Amino acid sequence: MASSMVVPVIDVQNDTFNELWPAMVLAIKTSSFVALDTELSGLGNRKSLLAESIEDRYKAICHAARSRSILSLGFACYKKLDDKAADTYLVQVYNLTLLCSEEYIIEPQSVQFLVQHGFDFNKQYAHGIPYCKGNNKAESDDRGVHIRALFTELLRARKPLVLHNGLIDMAFLYQSFYAHLPDRLTTFTADLSEMFPAGIYDTKYVTEFELRLTASYLEYAYKKCKLDSSRRGTSGGTEPHVQLEFCQYAGQMSSYVDYRVCPAVGSVEGQTDVCQRFSAFGWCPNGSECLLSHDTDLIILQDEKDLGNKRTKRKRRKDKRKGKGEAAEDGAPQHKIPHMEVDLQETPDEKQGAESSSEKGSLMDTQQNEREKTDIEGNGVSQENTLEITPTTDDNAKTNTNGGEESRTKDSGSEKLSEKSSKTEQKKNADSGTHRAGFDAFMTGYIFAHSCTLNKKKGVESVEKEEEEESWVPSCLNKVYLSGKSAPLNVVKSTFSKSSKAHVAKMEMVWGKKV
């Protein structure tokens with residue numbers, strides 16, 4: 001079985017940003033790939049974000065990115081260690097609390113969700129790292145110590161970028177730290193392909209089309225990958241599996257670290273009635289009031305039990321041949337309807353109420369599903385339930401001196417959580433603390449590392465090492481998941497698209513030459 005793991009997440013605020021800058025830049029530059037995740041102040045109209053036309057979706061995303069803001073940014077740097085066993089990574093995780101210096105809309109549903117999960121808005125307004133959106137306004141993006149300069153360092157590092165359900169994240173990152181979003185989707189994808197020449201990988205797409213997991217929301221995918229990897233490590237030591245090492249922070253640095261305990265997936269006794277909606281989508285309209293279990297461990301074990309039933313397998317194959325439904329296509333258990341936007345078995349009234357919630361499940365996945373709760377009609381955010389914020393920053397930043405010493409520690413020495421009677425309730429009320437974006441970035445990176453290990457096993461191990469690291473998961477390179485679509489968004493520059501003028505100017509600044 002999988003072992004418990006303790007993940008150190010470094011908390012970065014405005015008064016510690018300068019001190020932690022060298023460590024963050026070094027972590028990015030020496031990494032093999034970087035995983036990112038964001039917490040947002042809202043998304044706007046949900047129906048528009050799921051429009052049939054991808055171009056219409058992009059327009060809705062642009063509107064959200066221009067009118068909302070990033071509240072926190074998490075990134076996890078995975079560095080492959082050549083002097084260790086195969087597939088061993090040194091991982092450094094950072095969580096940055098941000099504060100947009102311009103007016104922006106914040107949705108009450110987002111506030112409610114974030115507060116329930118430990119986000120401290122007082123801390124954000126007192127110590128958030130300030131930034132301006134759109135084109136560069138004040139400080140040059142290639143000079144100084146600020147968040148836009150950190151994004152420039154990420155571009156200069158030319159590392160693979162890994163996200164989970166990342167289209168919205170990429171649009172917010174572009175608008176917040178790079179330039180005004182272009183009006184056309186083809187221009188946006190052309191810019192992205194040049195901004196990240198090492199490639200963009202979406203683990204939502206990886207889990208659905210490469211790993212073929214039963215469900216693809218972030219917590220489920222991470223725990224399933226962790227469980228599979230741990231089993232490989234205990235099967236005689238011959239199966240390739242992911243191994244992680246973390247830095248051990250000492251001195252002043254240790255005061256900035258929040259330790260997140262990841263308990264192992266184990267047998268679950270007692271309650272066995274799983275909430276089917278949460279099981280399939282990673283969210284439930286009843287939230288913590290649901291009488292059924294939202295325990296991801298139980299869901300995974302139930303899925304494995306179903307997948308092990310030969311009769312169920314044979315019926316799935318038969319249904320697939322007959323073309324009955326999408327569940328057979330991804331090898332899902334019968335009791336689930338994976339990756340679907342709406343439960344087709346619901347009555348029309350129930351369907352209408354579920355539609356807004358299912359949009360969240362596909363758009364923002366498990367770390368943002370309940371945050372984006374809409375009204376029962378699913379009409380998105382109206383003028384009455386949004387707030388326009390004009391933030392202020394705290395200029396009285398304290399100065400910290402003593403640097404931190406770092407040494408590596410393996411995940412095998414992690415502490416285990418003690419058993420608690422109210423385990424199901426704990427699952428529903430996840431004590432995520434203020435480091436949700438950082439930890440979600442870690443989980444995203446782990447899923448990608450696991451998929452790279454499996455990809456090697458399929459035959460990539462015969463490729464030269466340099467080519468192997470460039471390819472990673474070739475079948476998923478520059479393919480971004482699109483909810484409700486059978487094909488991904490390809491991040492490429494076509495012969496019919498041109499890069500935006502703002503992007504061309506930025507690339508000259510980043511790399512000192514025209515792209």
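Return yes when VAL12 is under 22 Å from CYS247 (Cβ atoms), out of contact with any Lys or Arg (no Cβ under 9 Å at 6 or more places or on another chain) and buried (at least 18 other Cβ atoms within 10 Å of the Cβ) and no when it is not. Yes: the conditions hold for VAL12. The condition (being touching a strand residue (DSSP E or B) at 6+ places or on another chain (Cβ under 9 Å) and either surrounded by fewer than 24 Cβ atoms within 10 Å (Cβ to Cβ) or among the polar types (S, T, N, Q) (or both)) is satisfied by just one residue among SER32, SER53: SER32.
Readers should treat all values here as calculations from the given coordinates under stated rules, not as data from a laboratory. On a predicted model such as this, the values are computed, not experimentally measured, just so you know. Note: ideal-geometry Cβ built from the backbone for every residue, glycine included; neighbour counts use all protein chains shown.
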